[in-house]
Amino acid sequence: MEGTQGHGGALTPSGWVRRWAPRVAAGTVLDLACGSGRHARLFLELGFQVVALDRDAQDIPGASVLQADLEDGSPWPLAGERFQAVVVTNYLHRPLFPRLIEALAPGGLLIHETFMLGNERHGRPSNPEFLLRPGELLGAFRGLQVLGFEEGYVAVPKPAMIQRLCAAVAAKG
C-alpha cells in the first residue's frame, strides 16, 4: 500500500495534527492507518482514549489497537462507533470517505493530511491512485464545517505535494 508510508519521522507527529489537536473535545480519537502510532501517542499524551487501526498494527501502550485491512472488502470494523476525532495521515483509500464521516460524533473533528497530484516529482507515493486531486478533500467532505484547508507544496519535513483538511461535524443542541 504505497500511500501509507510516513512523511517525515515515524515518531514525529504531523504539524497539521498538532495544530488541530487542542480543538478535539474530550473522548476517544481514532488514528486510522496509524502506522507506527505517532498520532495515537500524541493523543494519549494529551489524555485522550485512542483507538489505533492499521492492517499491520503493533502494540501502542495505552491505546486500543485494532488490526484490520481496510482495503480487502471486509466490513468496516468500527460500525456504530463514534469518535471525537478521526485522524488520517499519509493514507488514501477513497471508498472509506463515507465511513470517516459516519465515525464522527456530533462536534467531532476530521483531521486529514495526505499526498496530492504533483507529489510524483518528489518521490513516493507517485501512483495517481494514492494522490488526491486538487480540492478533492473539500469535495469529499463538503457536508462538514471546514475549519482549515491547505494544499500545495511543502518543504518540511520533506519536499512533497500535500492536501490538509480539518473539518467538524455540527454539534447537536
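Here, each number is a calculation from the coordinates, and none is a lab measurement. Treat the numbers as computed from the prediction; the structure is a model and nothing was measured. Counting neighbours? That spans all protein chains shown, and the Cβs are built from the backbone with ideal geometry, glycine included.
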What residue among Ala85, Ala155, Ala140 shows peak mean-square fluctuation when the chain is described by a Gaussian network model with Cα springs under 10 Å?
Ala155
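Report the FRET efficiency, 1/(1 + (r/R0)^6), for Tyr153 and Arg23, where r is their Cβ-Cβ distance and R0 is 25 Å, rounded to 0.05.
Numbers: r = 26 Å, r/R0 = 1.02.
The pair Tyr153/Arg23 has a calculated efficiency of 0.45.
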In a shell of Cβ-Cβ distance under 10 Å around Val88, excluding Val88 itself, what net charge do Lys and Arg (+1) and Asp and Glu (-1) give?
-2
Shape metrics for segment 80-170, restricted to C-alpha atoms - Rg then Dmax, Å
13.2, 40
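Do any GluC sites (Glu not before Pro) in segment 68-173 lie in a DSSP loop with no more than 15 other beta carbon atoms within 10 Å, and if so, which?
Working: sites: Glu71, Glu81, Glu102, Glu113, Glu120, Glu129, Glu136, Glu150, Glu151; in loops: Glu71, Glu81.
Taking segment 68-173 and a limit of 15 other Cβ atoms within 10 Å, the loop GluC sites (Glu not before Pro) found are Glu71, Glu81.
Over the chain, what is the percentage of antiparallel beta bridges among all DSSP beta bridges, to the nearest 5? Mind dumping the intermediate values first?
Numbers: 16 of 36 bridges.
Counting only bridges with both partners in the chain, antiparallel ones make up about 45 percent.
Within a Cβ distance under 11 Å of Ile111, other residues only, what is the Lys/Arg minus Asp/Glu net charge? If you can, show how the numbers build up before the last one.
Values: positive: Arg18, Arg19, Arg23, Arg164; negative: Asp31, Glu113.
Charge balance in the 11 Å sphere: +2.
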With label points built 7 Å along Cα→Cβ from the Cα atoms of Lys172 and Glu81, find their separation and express it in nm.
2.0 nm
What is the sum of charges around Ala63, taking Lys and Arg as +1, Asp and Glu as -1, for the other residues whose C-beta is under 14 Å from the C-beta of Ala63?
-2
Which one of Ser74, Ser14, Ser64 has the biggest mean-square fluctuation once the chain is modelled by GNM with Cα springs under 10 Å?
Ser74
